[in-house]
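J.: Below is a structure I'd like to ask you about.
The values are calculated or read from the model by the stated rules, or taken from the named source; none is laboratory data. Predicted, not measured: the structure shown is a model, and the values here were computed from it. So basically every Cβ, Gly included, is an ideal-geometry build from the backbone, and we count neighbours across all protein chains shown. When the accessible area is computed, the model is the full protein with side chains, heavy atoms only, and any ligands, DNA or RNA have been set aside. Shrake-Rupley method; radii C 1.70, N 1.55, O 1.52, S 1.80 Å.
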Amino acid sequence: MSAVHFIELENIRYHFPADARPILHNINFAIDRQTVGLIGPNGSGKTTLFHIIMGLLKPTEGKVFFKGEVISGSDQFKTLRREVGFLFQSSDDQLFSPTVIEDVAFGPLNLGHTEEEARQIATAVLDKVGLKGFENRITHKLSGGEKKLVALATILSMDPKLLLLDEPTNNLDPETQSRLVAILDDLNLPYIIISHDWDFLAKTTAELYTLDNGHLVKCREGHIHEHRHIHPYGNRPHHHKEAGP
Ligand SMILES: Nc1ncnc2c1ncn2[C@@H]1O[C@H](COP(=O)(O)OP(=O)(O)OP(=O)(O)O)[C@@H](O)[C@H]1O
Ligand SMILES: [Mg+2]
């Protein structure tokens, strides 16, 4: 390893114990201040890669460096998790408190803020993600899109230095997706976003990678392709951005 990176993966290989084929092969990747998109087929190992970065899965081979130090074991990953906000693919894995304010204030309370401070931080973050007035709503009764935004608020309330967002636009309507683009732009943080939505990634990320048979491959820039399609139903006018460099 030469330069010190915020997070660096060195020769990561991952193999689920019960599975014959390795999911990830020889992944080398560093993140500092970039905005990165990760796109790839279902089951290609995208979420697995995030779980390895967060220390939720231990790589079969290879090392994870955090600020230049190799980390392994849950105590060392705690220091990484303090600075890296991870949005789970499924919001139900992220939310566990009865009310929205309790979920969003949980992180700041854990970091040592007083109840009053935690409540203020949580209220401000809920406002930022467009959920003003949701403080006392029952978390498990929220819609899928509302849960996604609350889950995002729970990580933003911890003042992260890097975001790992696993399919953040799932369940979001087009307007809320646009709002998410604006929120991310406003945060001015580095992040890696897993998504199946090319347009969303084009708007939010500067570099795009895919997982191809377990290998992390950088996508070429400005790949133009013809795109014509017909919607079988639907009378709501809309347009698609033209592909272009
Ligand atoms: N605990 C496990 N044991 C064995 N195989 C697993 C386990 N968890 C996931 N897998 C398999 O590993 C592969 C990669 O899963 P992963 O969730 O990383 O894919 P993904 O790229 O995030 O897919 P999606 O786009 O559907 O979210 C899949 O084939 C999945 O079935
Ligand atoms: Mg996934």
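J.: Go through segment 132-245 and tell me which strands (runs of 3 or more DSSP E), entirely inside it, have 3 or more residues that are modelled with pLDDT of 95 or more and within 14 Å of the chain's Cα centre (by Cα).
T.: 162-166, 191-194
J.: I'm trying to understand the selection: among the residues of segment 68-93, which are within 16 Å of ligand 1 (Cβ to nearest atom), open to solvent by less than 20 Å² (accessible area, probe 1.4 Å) and in contact with a strand residue (DSSP E or B) (Cβ under 8 Å, 6 or more places away or on another chain)?
T.: Within segment 68-93, Phe86, Leu87 meet the criteria.
J.: Among the residues of segment 1-38, write down those that are within 13 Å of Ile192 (Cβ to Cβ) and within 9 Å of ligand 1 (Cβ to nearest atom).
T.: Leu38
J.: Which condition breaks for Glu8 when tested against (1) open to solvent by 20 Å² or more (accessible area, probe 1.4 Å); (2) over 25 Å from Asp185 (Cα atoms); (3) in contact with a strand residue (DSSP E or B) (Cβ under 6 Å, 6 or more places away or on another chain)?
T.: Here Glu8 meets the rest and fails (2).
J.: On to the next question. Among the residues of segment 112-126, write down those that are polar (S, T, N, Q) and either closer than 12 Å to Asp159 by Cβ or touching a residue at least 12 places away in the same chain (Cβ under 8 Å) (or both).
T.: Within segment 112-126, Thr123 is the sole residue that qualifies.
J.: Going by the structure shown, is Leu38 surrounded by 19 or more Cβ atoms within 10 Å (Cβ to Cβ), at pLDDT 95 or above and in contact with an Asp or Glu (Cβ under 8 Å, 6 or more places away or on another chain)?
T.: Here the answer is no, as Leu38 does not meet what is asked.
J.: Report yes if some residue within segment 46-65 is away from ligand 1 (no atom under 12 Å from the Cβ), touching a Phe, Trp or Tyr at 6+ places or on another chain (Cβ under 8 Å) and of a type in the set (Lys, Arg); otherwise report no.
T.: So far as segment 46-65 goes, no, none of its residues is away from ligand 1 (no atom under 12 Å from the Cβ), touching a Phe, Trp or Tyr at 6+ places or on another chain (Cβ under 8 Å) and of a type in the set (Lys, Arg).
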